[in-house]
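Peer 1: Have a look at the structure that comes next, please.
Only the coordinates and a few stated rules stand behind these numbers; no lab work does. These figures come from a predicted structure and were not determined experimentally. Cβ placement follows ideal geometry from the backbone for every residue including glycine, while neighbour counts extend to all protein chains displayed.
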Amino acid sequence: MDLFVQAVLNGVLLGLVYGLVALGLSLIWGVTDIVNLAHAEYLMWALYATYWLWALGRLDPVYAVPLVVPASALLGYLTYRLLIRRVLAAPMVSQIFATFGLLFFLRYAAFAGFGPDVHGVWGSRLEGSLALGDLYLSRPRVAAAVVSLLAYGGLWLFLHRTKPGKALQATAQDRMVAQTLGIDPDRMFALSWSLGVGTVGLAAVFLSPFYQVSPTIGDTFLLLAFASVVLGGFDSVSGALVGGVGIGLVENVLGALIAPTFKLLFVFIVFLLVLVVRPTGLLGER
Amino acid sequence: MAGEGGTLRLEDVHSGYGPLEVVRGVSLVVGGGEVVAIIGPNGAGKSTLLRTIFGFVPPRRGRIWLDGGDLTGLRPVEVLRRGVAYVMQGYNVLPNLTVDDNLQLGAYIRRDPHVRADIQRVYELFPALWARRRQKARTLSGGERRMLELARVLLQRPRVLLLDEPTLGLAPRVIDQVYDVIAQIHRQGVAVLLVEQNARTALRHAHRAYVLEAGRIRFEGRGQELLDHPDVRRAYLGGERSTNPSATSRSTSSGDRSAGSP
Amino acid sequence: MIPALGLAVLVALPWMVADSFFLNAMILVFLFGTLASAWNLIGGYAGQLSFGHAVFFGLGAYTSTVLLSRHGVVPWVGGAVGAVLAAALSLAVGYPTFRLRRHFFALATLALGEIARITFLNWEYVGAAIGLYVPLQFRNRLSYLMWDAKPPYYLAALALGVLAVGVTAVVDRGRMGIYLRAINQDEDAARAVGLDTLRYKQWAMAVSAALTALAGTLYAQYVLYIDPYNVLTARISLLVVVIALIGGRGTVWGPVVGAAFIVLLSEYTRSTLGHLGQGYDYILFGLLIMLLALYEPRGAMGVVRRLRRRSPLPVAGAAKDRPPEAEAGPPTAEALLVARGMTKRFGGIVALDGVSLQVRRGEIVGVIGPNGAGKSTLFDCITGFQRPDAGTVEVGGLSLRHQPPHRIVHHGVVRTFQLLRIFPELTVRENLLVAQPHRAESPWAALRPSPREVEERAARWMRVVGLEGYRDVPAGELSYGQQKLLSLAMALMTGADVVLLDEPTAGVNPAVIQEVVACIRELNRGGQTFVVIEHNMEVIDALAHRVYFMADGRVLAEGTPQQVRQNPQVLEAYYGR
């Protein structure tokens, strides 16, 4: 029973971080209608950035936030300006190629720069665990989950309480109508890419104390993020977060109940099933 | 709260999509304080003409002027900033934002301090919207959505307003309300260019009308004389072609007739 | 001649160059050329991007190796079993995901790759993470596909590559290639002329998977050791896509060119730069793909084609071959197409509200009405593009209920679209060939070129609509009016009894309108039945025997154009009260 409760707790904690990664994917997708296959490569690069800041600069991940998050946002902005902007009007196949080429480029640039080895941050300030009766919660995981919730809350406030946030929503809901209101779609697209990749940077910083990085982690995280979006439905950023928790629960609970080595297998099978049964997402409206 | 009326002038405008040329040389004038209708059968290019004025479709030839300023080739955002607002055919509300958010985005381009007060005045004009201000716009009825769109346009303080089929799909009672609002907008000095397929309705509410057929302006005229014109009838309903070209009426006067609204 | 000579050189190469590094590189070129060619069938021609082809590769490698090591089955049989399994798996994945937008298919295949990797990593029977050794055999090398020198492997890989290119060439030259490219460009338009698009995509996917599995078997026999890290890795899936994209998707030689370029570059940078070389070439490939996405989506072969390209100068103004002026007489009383009580709601809006319509053989029926009357929705519901909430459609007494669009074409009802749906990158002739009758056609039959009588029919329709001078011009380069005429010719090419035309003259300039009208009239004199949605009343007057007037989803009036024109309800709907 405790094992089960522990698995549920772990699933929720990790799922919130998946939700944060998925949030960026969903935001970019919703606003620009482009599925960024390179989304998880940004996560990999941000993890490396955090790792090298720690390994070379002795900077604790907690303090890496003001460096890694803006750098990630800048990377997202540049991706939009230099690449995405030019394929917005192109056929979907060209859009897929463009982000696929980017995936390849970013992944093997990491390979060339950092080699195939696995790196991890040790001894972060966050390390340790919290005891909750018989249950143990890893402090880095709790911190990552709390930060994910805070980021989600911040993004929610931005989208619903500020003028640029509402303009962003307007662009996602109807690009033409947004333009009749004087909203410049180009600026909104750039904003969505900056925010979307910035949140990935934040997720990476708080994943770093308990998640090791290598150049090939992208495939798994792309599928996890995509599965979260599909599970939660495409119509809102809340969907991504709920979907992320769902994916975290599938992974941890089924993993604990059946076999930990197969935990990702369950995630991907659930993802395929959702695609087949309800391609608009289990919780989505459309 | 609306801005001063402007004069929109088109000179030999051509536009279309890919190999298809839809607007084939349109020249027209909408003076300050005028309500002008563009009527004509489906596929005549009426909507494309409005899309071209607003900058959604780039003109291939010709010029578009607002007073002295050149609008030709500007992006929609810039056209709006110069004072031309546009309500497209069909739904223009943002379905998953609240009524209040929709109105606030109506003032998106404004930087002045009167926005709050203006929104308050709009709510006074449209009490039904005030009652629903916290609801998502998708929960509104068709008539309420159209009212929200028109209320939102007021907040943009346009000098020229483009309306594409403002009454399409609405119940007769709502159609009257819509034209009441258009008349109010017009009384504030805004020049209105509206597209209607329903010729009688349009001519009852507009000072003047242009008849567009196959991308070109065939006639220009006023009220009943245009309605009774055999060639206009033919454009809609077919039949024998009129042999009397002199029947084409011309009128450039503006403002000498009320907009026909109460 | 040149390919034969090239092949002869390639066959002789191992005896001319004995360098084993070079031979190894060439074997990899052939293997990856095979993989990329196989991927190209589904990803290039049909435009369904798979990011999981390593699964089929691994399945081929594992199946033959397990059968050999555990049951002593020779790899010839093991490879065939692997190919069948891979094809079956690809159908199981493709069936549900082909309905979705393209990136869903891409991500579903990526997920499939991860599922396979995790499964094999933990499956003891197939060696789990440790992998499997291919048991060494020292007798009867050909049956065991196992040699101690490189040249035999070289020849085997070359043979497989020739097979893959050969299959691609057959597809490219037969009808199949045209069909797959049509599906890639506009799947709905392909279904509208009667093509069972799902079936052709599945065929391409299954053949692609089977070829990939064969390459997997040969690879296992070559390296003699397989584990999930070397045959089930996402790296292979992605590399195959990269090769096909850089070489040129949707072309016969593109994948091979890409494989030669990429594999040789990789092998040589790796040997000269050693460990440092890892990744640099791949960075370059990533950059190249981004550049190609921006500037030349057709890859290297697209660049070649662009350099060679001559501007097409069609012979204009050739005499038209009008259909014979057969005296068909007035329409018969036989009701050919009958729709009853058609109702369709979208959310709260009723687009069709109990519409009934009857079309007799040999008639031209007009459908008119203001915007939003439900005219196009009626066509959608008749032709299976939308499912009506209520109502029935019968053709010659046969119910079309719940039939998919391509099946409805086979039953004799075809439609055109208001917004033109043709295949812009196919030539005029190819567009017409996509529309040939598909009723009794199997994918295997589609590997052959179109029969002569079909080509002749296509030529005849080109003459009828005056496009014979544009036979080999891409349809996207025609004027709008010509594209409209082409879509009319395509509808006729299907041989359907009833042709539904959605605004055949909208956007067409007046001179061409006369041409379209004359063409429809003469075809009708030859007995062809039409239903025409049209706003131009002159066209309706010139064509229609009878007219249905629709407004707000209902039929308000029916009769001759004259009668309908005088109906007060019609006047009111257009003019207002």
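Peer 1: Rounded to the nearest 20 Debye, what is the dipole magnitude of chain B about its Cα centre when Lys and Arg each give +1 and Asp and Glu each give -1 at the C-beta? Walk me through the numbers before you get to the answer.
Peer 2: Values: 37 positive and 27 negative charges, 97 e Å.
In total the dipole reaches around 460 debye.
Peer 1: Between rounded, prolate and oblate, where does the range C:420-466 land on the alpha carbon gyration tensor, with a ≥ b ≥ c its root eigenvalues, rounded for a/c under 1.5, else prolate if a/b exceeds b/c? Before the final figure, lay out the partial values.
Peer 2: Numbers: a/c = 2.11, a/b = 1.39, b/c = 1.52.
Since a/c reaches 1.5 but b/c is at least a/b, the shape of the range C:420-466 is classed as oblate.
Peer 1: So what is the 222 nm mean residue ellipticity for chain C from helices alone, if each DSSP H run of at least 4 adds -39500 (n - 2.57) and you divide by all residues, rounding to the nearest 500 deg cm²/dmol?
Peer 2: Numbers: 24 runs with 317 residues, N = 577.
My calculation for chain C gives -17500 deg cm²/dmol from helical runs alone.
Peer 1: Could I ask something else about it? Give me the aspartates and glutamates in straight-line cross-link reach of C:K344: C-alpha distance below 18 Å, same-chain residues under 8 apart excluded.
Peer 2: C:D353, C:D380, C:D389, C:E394, C:D552
Peer 1: So, one more: Can you sort C:S356, B:S47, C:S64 by how many other beta carbons sit within 10 Å, fewest first?
Peer 2: Values: C:S356 14, B:S47 21, C:S64 32.
Result, fewest neighbours first: C:S356, B:S47, C:S64.
Peer 1: Within a 10 angstrom radius of each residue's Cβ in C:498-507, how many Cβ atoms of other chains show up on average? Whole number is fine. List each step's numbers first, then the result.
Peer 2: Working: counts 0, 0, 0, 0, 0, 2, 0, 2, 6, 11.
For peptide C:498-507, the averaged partner shielding equals 2.
Peer 1: Tell me the Kirkwood hydrodynamic radius of chain B in angstroms, computed as one over the mean inverse distance between distinct C-alpha pairs.
Peer 2: Values: mean 1/r = 0.0532 Å⁻¹.
One decimal place: 18.8 Å for the Kirkwood radius.
Peer 1: At 222 nm, what helix-only mean residue ellipticity would chain B give, in deg cm²/dmol to the nearest 500, using -39500 (n - 2.57) for each DSSP H run of four or more? Kindly include the intermediate steps, with their values, before the conclusion.
Peer 2: Values: 10 runs with 91 residues, N = 262.
The per-residue figure over chain B is -10000 deg cm²/dmol.
Peer 1: Cα gyration tensor of the range C:113-173, axes a ≥ b ≥ c as square roots of the eigenvalues: rounded (a/c below 1.5), prolate (a/b > b/c) or oblate?
Peer 2: Because a/c hits 1.5 or more and a/b fails to exceed b/c, the range C:113-173 counts as oblate.
Peer 1: Dividing the alpha-carbon radius of gyration of the range C:442-548 by 2.2 N^0.38 Å (N being the number of residues), what value is obtained?
Peer 2: Details: Rg = 15.0 Å, N = 107, 2.2 N^0.38 = 13.0 Å.
The reported ratio for this selection is 1.15.
Peer 1: Please report the projected area of the range C:411-494's Cα convex hull averaged over all directions, in nm².
Peer 2: Working: hull surface 22.6 nm².
Its Cα hull, projected and averaged over all orientations, spans 5.6 nm².
Peer 1: On to the next question. Order of C:C519, C:C381 from fewest to most other C-beta atoms within 10 Å? Please report the intermediate quantities before stating the final value.
Peer 2: On the way: C:C519 21, C:C381 24.
The fewest-first ordering by Cβ neighbours comes to C:C519, C:C381.
Peer 1: How charged is the neighbourhood of A:V213? Take every other residue with its Cβ under 13 Å from the Cβ of A:V213, and add Lys/Arg as +1 and Asp/Glu as -1. Don't skip to the end; give the middle numbers.
Peer 2: On the way: positive: A:R107; negative: A:E41, A:D117.
Value of the local net charge: -1.
Peer 1: Would you mind ranking C:I289, C:I283, C:I2, A:I247 so that the residue whose beta carbon has the fewest other beta carbons within 10 Å leads the list?
Peer 2: Working: C:I289 24, C:I283 19, C:I2 6, A:I247 32.
With the sparsest Cβ surroundings first, the list reads C:I2, C:I283, C:I289, A:I247.
Peer 1: Taking the mean number of other Cβ atoms within 10 Å as a proxy for protection, how do you rank C:16-29, C:186-199 from highest to lowest?
Peer 2: On the way: C:16-29: 15.9, C:186-199: 21.3.
In descending order of packing, they fall as C:186-199, C:16-29.
Peer 1: Give me the compactness ratio for the range B:40-158, meaning the Cα radius of gyration over 2.2 N^0.38 Å.
Peer 2: On the way: Rg = 15.9 Å, N = 119, 2.2 N^0.38 = 13.5 Å.
So the Cα radius of gyration is 1.17 times the expected 2.2 N^0.38 Å.
Peer 1: Calculate for chain A the 222 nm mean residue ellipticity that helices alone would give, adding -39,500 (n - 2.57) per DSSP H run of length 4 or more and normalising by residue count, nearest 500 deg cm²/dmol. Mind dumping the intermediate values first?
Peer 2: Values: 11 runs with 196 residues, N = 286.
Here the helix-only value at 222 nm equals -23000 deg cm²/dmol.
Peer 1: Magnitude of the Cβ-charge dipole of the range C:8-165, K/R +1 and D/E -1, about the Cα centre, nearest 20 debye? Let's see the in-between values first.
Peer 2: Values: 8 positive and 4 negative charges, 57 e Å.
Roughly 280 debye for the range C:8-165.
Peer 1: Please list log₁₀ I(q)/I(0) at q = 0.13, 0.16 Å⁻¹ for the range C:1-154, using the Debye equation with identical point scatterers on the alpha-carbon positions.
Peer 2: Debye curve over Cα of the range C:1-154, log10 I(q)/I(0) at q = 0.13, 0.16 Å⁻¹: -0.79, -1.08.
Peer 1: Inverting the mean 1/r over all pairs of different Cα atoms, compute the Kirkwood radius of the range C:1-92 and quote it in Å. Numbers along the way, then the final one.
Peer 2: Values: mean 1/r = 0.0645 Å⁻¹.
It is 15.5 Å.
Peer 1: I would also like to ask the following. Round to the nearest 10 and give me the degree value, 0 to 90, for the angle of helix C:2-16's Cα axis relative to the longest principal axis of chain C.
Peer 2: Once rounded, one gets 10 degrees.
Peer 1: Now a separate question. Taking chain A as the reference, fit the longest principal axis to its C-alpha atoms, fit the long axis of helix A:2-32 to the helix C-alpha atoms, and give the angle between the two in degrees, 0 to 90, nearest 10.
Peer 2: That helix lies at roughly 20 degrees to the long axis.
Peer 1: Let me ask something else. Mind checking which helices in chain B clear 18 Å along their axis (Cα) and have mean Kyte-Doolittle hydropathy of 0.0 or more, DSSP H runs only? The partial results should precede the final answer.
Peer 2: Working: long enough: B:142-155 (20 Å, 0.13); B:172-187 (23 Å, -0.07).
Answer set is B:142-155.
Peer 1: I would also like to ask the following. Can you pull the percent of Cα pairs in the protein assembly as shown with separation above 59 Å?
Peer 2: Value for the protein assembly as shown (Cα pairs over 59 Å): 19 percent.
Peer 1: Please give the FRET efficiency for C:R141 paired with C:L100, using the beta carbon to beta carbon distance and R0 = 51 Å, rounded to the nearest 0.05.
Peer 2: Efficiency, rounded to the nearest 0.05: 0.65.
Peer 1: To two decimal places, what compactness ratio does chain C give when its Cα radius of gyration is scaled by 2.2 N^0.38 Å? Could the numbers behind the result be given before it?
Peer 2: Details: Rg = 28.5 Å, N = 577, 2.2 N^0.38 = 24.6 Å.
Computed over Cα atoms of chain C, the ratio equals 1.16.
Peer 1: With both partners inside the protein assembly as shown, how many of the DSSP beta bridges are antiparallel, as a percent to the nearest 5?
Peer 2: On the way: 50 of 83 bridges.
Rounded to the nearest five, the antiparallel share is 60 percent.
Peer 1: In chain C, what percentage of the DSSP-assigned beta bridges are antiparallel, given to the nearest 5? Walk me through the intermediate numbers first.
Peer 2: Working: 24 of 40 bridges.
Bridges in chain C that DSSP calls antiparallel: roughly 60 percent.
Peer 1: Restricting to chain B, what percent of DSSP beta bridges are antiparallel, rounded to 5?
Peer 2: On the way: 21 of 38 bridges.
For chain B, the DSSP antiparallel bridge percentage is about 55.
Peer 1: About the Cα centre of the range A:148-286, how large is the charge dipole given +1 on each Lys and Arg Cβ and -1 on each Asp and Glu Cβ? Please answer in debye to the nearest 20. Before the final figure, lay out the partial values.
Peer 2: Working: 8 positive and 7 negative charges, 45 e Å.
The calculated dipole for the range A:148-286 is roughly 220 debye.
Peer 1: Please enumerate, by chain and number, the aspartates and glutamates with C-alpha under 20 Å from the C-alpha of C:K201, excluding those fewer than 8 residues away in the same chain.
Peer 2: Output for C:K201: C:D172, C:D186, C:E187, C:D188, C:E425, C:E430, C:E441.
Peer 1: For chain A, take every pair of Cα atoms, bin their distances at 10 Å starting from 0, and report each bin as a whole percent.
Peer 2: Spelled out bin by bin, chain A gives 7, 28, 37, 22, 6, 1 percent.
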